[in-house]
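The values are calculated or read from the model by the stated rules, or taken from the named source; none is laboratory data. Keep in mind that what you see is a predicted model, and the values were worked out from it rather than measured. FYI the Cβ positions are ideal-geometry reconstructions off the backbone, even for glycines, and counts take in every protein chain you see.
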Amino acid sequence: MKKILLTLLVLIIMLTVAVGASGCGQNAKNQQEFSQETIGSSEVKEEDTIERIKKAGKLVVGTSADYPPFEFHQVVNGKDEIVGFDIDLARAISKELGVELEIKDMDFKSIIPAVLSKTVDIGIAGFTITEEREKSVNFSIPYLEGDQQIITYKGSGIKGKEDLKGKTVGVQIGTTGEEAAKKIEGVTLKQFDSVDAAIMDLLNKRIEAVIVDVAVAKAYASNNPGKLELVSETIEDEAKAVVLRKGDEKLLEVVNKVIKNLKESGELDKLIKKWFIDYKPAN
């Protein structure tokens, strides 16, 4: 009798172990399958930027529309619109992509963060290529060369950089004009969110000069005859280019293609003439 009971006990133990082992194996299998599914879902490829733009049907461009003739507000047929050299370039890029153009107007210093956060697809606002900016974003090939210009009020007595010593100079925050001004010894900087605000202070003689791109300075001087004048000496500056996110290589190729085509076809020269030579700001 004892032998029978012992045999039954052994069989029960063996059966329990077998069932437990089977359950563990199934759990391991389930965990492996779950792990594979999790890995697969985390490796879903991010949608290509160009595909996303085409799906949305629009190219969103960040700019700072206070920088004539690059980008500025103008009343067209009774409606306020953002126009300028950079806007025509942005329109050419959107046309190449086969989508509509949407312009987002913001402070200049906010454009690169907007590009990085994908709030906008690209930034076009007279951006100068600098080593510091290249640490966080990509630049297209240059679409325009240009220098920085000192603009002052009539009768200020300022004839060159050396005359700025001890003077207060207005600059737009985050621009190469600001960087250029910082290199001039003895200058007191007054920073502004927009060029318009800096020029207003200049006209009211609250500051002695403003440093901006040559084309922009010419536009403001033309719009204020007898009040503002340009200093003959210019400050060397780098080329202008479009700002893109690092990794958006296909979009960069499209932007570079557009710029090359505009140069080779002569259309870029026409845009330069349109905005930097023929353009006359409205009074």
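Here are the numbers:
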{"quantity": "Flag for residue 246 being crowded, with 20+ Cβ neighbours inside 10 Å, of a type in the set (D, E, K, R) and under 18 Å from residue 112 (Cβ atoms)", "calculated": "no"}
{"quantity": "Selected residue (only one of 247, 157, 186 is assigned by TED's automatic domain parsing to the domain that holds residue 114 and assigned to a loop (DSSP other than H, G, I, E, B))", "calculated": "247"}
{"quantity": "Which numbered condition residue 280 misses (of (1) in a loop (DSSP other than H, G, I, E, B); (2) closer than 27 Å to residue 116 by Cα; (3) charged (D, E, K, R))", "calculated": "(2)"}
{"quantity": "Residues satisfying the stated conditions in segment 189-228, i.e. touching a residue at least 60 places away in the same chain (Cβ under 8 Å), more than 21 Å from residue 155 (Cα to Cα) and in a strand (DSSP E or B)", "calculated": "213"}
{"quantity": "Scan of segment 97-126 for residues that are under 13 Å from residue 255 (Cβ atoms) and touching an Asp or Glu at 6+ places or on another chain (Cβ under 9 Å), ordered by number", "calculated": "115, 121, 122, 124"}
{"quantity": "Segment 90-107 residues that are touching a residue at least 12 places away in the same chain (Cβ under 8 Å), paired with ones that are assigned to a loop (DSSP other than H, G, I, E, B) and of a type in the set (Gly, Ala, Ser) (beta carbon under 8 Å, 6 or more apart)", "calculated": "99/57; 100/57; 103/65; 105/64; 105/65; 106/64; 107/64; 107/194"}
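Rundown of residues vs (1) outside any loop (DSSP other than H, G, I, E, B); (2) free of Cβ contacts under 8 Å to residues at least 24 places away in the same chain; (3) in contact with a Ser or Thr (Cβ under 9 Å, 6 or more places away or on another chain), yes/no style:
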{"site": "141", "(1), (2), (3)": "no, no, no"}
{"site": "150", "(1), (2), (3)": "yes, no, yes"}
{"site": "233", "(1), (2), (3)": "yes, no, no"}
{"site": "237", "(1), (2), (3)": "no, no, yes"}
